[in-house]
Each structure stands twice: as C-alpha cells, then as structure tokens.
1. Being over 15 Å from residue 8 (Cα atoms) and assigned to a loop (DSSP other than H, G, I, E, B) is the filter; apply it to segment 66-100 and report the residue that is modelled with the highest pLDDT.
2. Answer yes or no as to whether residue 16 is surrounded by 14 or more Cβ atoms within 10 Å (Cβ to Cβ) and either at pLDDT below 90 or farther than 21 Å from residue 133 by Cα (or both).
3. For segment 109-137: of the residues being modelled with pLDDT of 70 or more, more than 15 Å from the chain's Cα centre (by Cα) and part of a loop (DSSP other than H, G, I, E, B), which is nearest to residue 17 (Cα to Cα)?
4. Restricting attention to segment 1-23, which residues are in a helix (DSSP H, G or I) and under 16 Å from residue 40 (Cβ atoms)?
5. Considering only segment 52-65, I want to know if a residue exists there that is closer than 15 Å to residue 6 by Cα and modelled with pLDDT of 90 or more.
6. What are the residues in segment 24-46 that are assigned to a loop (DSSP other than H, G, I, E, B) and within 19 Å of residue 135 (Cα to Cα), if any?
7. Can you name every residue in segment 30-51 that is surrounded by fewer than 15 Cβ atoms within 10 Å (Cβ to Cβ), modelled with pLDDT under 75 and on the phi < 0 side of the Ramachandran plot?
C-alpha cells in the first residue's frame, strides 16, 4: 500500500465510528503503514452565522474535538496504539479536508464510514460519496453492521 492510511471520522457520531477506526487500523497494520485519523469541524468563517458565537469559540471547539478524537481512538484500539496514531483536526468542508490531507500525506488508502443507513442500505452519506468520487487513491467504505 503506502506509508499512510487515512481514516475519516465524525466525533459527533459517538461510538458509530469505532468499527471504522478498527478497520483502518487493521488495514494500516497489514502494510506497516502510519494511521492518520481526521475529524473535520464546520467552518463558520466570516459568515453571518459566525457572529452568533463568542470570541474563541472555534478554538474551544477544536480543543473539545481533539479530546473526543483521542478518546474515540483509544476506545477503538487502546492507549498504546492511540499513541502511534496521528490525530488531525481540520476546519472546513469534511470531504475537501479529507482529500486535502490525503494528498498532503500521500495516503494510498482512505477509510470512511457509510452512515445514514436509514436512508437506504445502498447510499453513502454525502461526504463519503464525495470522497469516493474525488479521491486520487483507493477508498475503503465500512458499512454499519
């Protein structure tokens, strides 16, 4: 494969992404690849929405997301494996940030979860489907069991 497997999760999904992280870790271990796990926060930027949040709100969201991400990876794997994982918190559109990090790290594989199964067993969520369509590397989709 390569030296990097990128796993995209949503820290607001609770434990829903545990199987996604576990599968990504298994795939990374097959090749001795580095596992990177990314969570993307929405960017309210300079829009009128951002004026509703106090100063420093985004930094607080980033810190909370990083804490949740570390806890999620530790729960999915264990503390020793978590220590070897690169944790990335990005801000923007989820699929764009995932693709940008995959390109930057030269990832040979992106692992995403197929959430929103209540819509249809055959549909991917909008971010997962965009990653699948636009990635320059292979994408492994973990379906809910």
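The values are calculated or read from the model by the stated rules, or taken from the named source; none is laboratory data. Worth saying up front: this structure is predicted, and the values here are computed from it rather than measured. Please note: Cβ atoms are built from the backbone with ideal geometry, for glycine as well, and neighbour counts cover all protein chains shown.
1. The residue in question is 77.
2. Working: surrounded by 14 or more Cβ atoms within 10 Å (Cβ to Cβ): yes; either at pLDDT below 90 or farther than 21 Å from residue 133 by Cα (or both): yes.
Yes.
3. So the first thing to find is which residues in segment 109-137 are modelled with pLDDT of 70 or more, and the list is 109-114, 125-137.
Filter again for more than 15 Å from the chain's Cα centre (by Cα), leaving 133-134, 136-137.
Now narrow it down to the ones that are part of a loop (DSSP other than H, G, I, E, B): 136-137.
Numbers: 136: 23, 137: 21 Å.
Checking each candidate, the answer is 137.
4. Of segment 1-23, the ones in a helix (DSSP H, G or I) are 11-23.
Matches in segment 1-23: 11, 12, 13, 16, 17, 20, 21.
5. Taking segment 52-65 first, the residues closer than 15 Å to residue 6 by Cα are none.
Within segment 52-65, none of the residues are closer than 15 Å to residue 6 by Cα and modelled with pLDDT of 90 or more.
6. Taking segment 24-46 as the starting set, the residues that turn out to be assigned to a loop (DSSP other than H, G, I, E, B) are 32-33, 42-46.
33 - this is the single residue of segment 24-46 that is assigned to a loop (DSSP other than H, G, I, E, B) and within 19 Å of residue 135 (Cα to Cα).
7. Once the filter is applied, which keeps residues that are surrounded by fewer than 15 Cβ atoms within 10 Å (Cβ to Cβ), modelled with pLDDT under 75 and on the phi < 0 side of the Ramachandran plot, segment 30-51 yields 46, 47, 48, 49, 50, 51.
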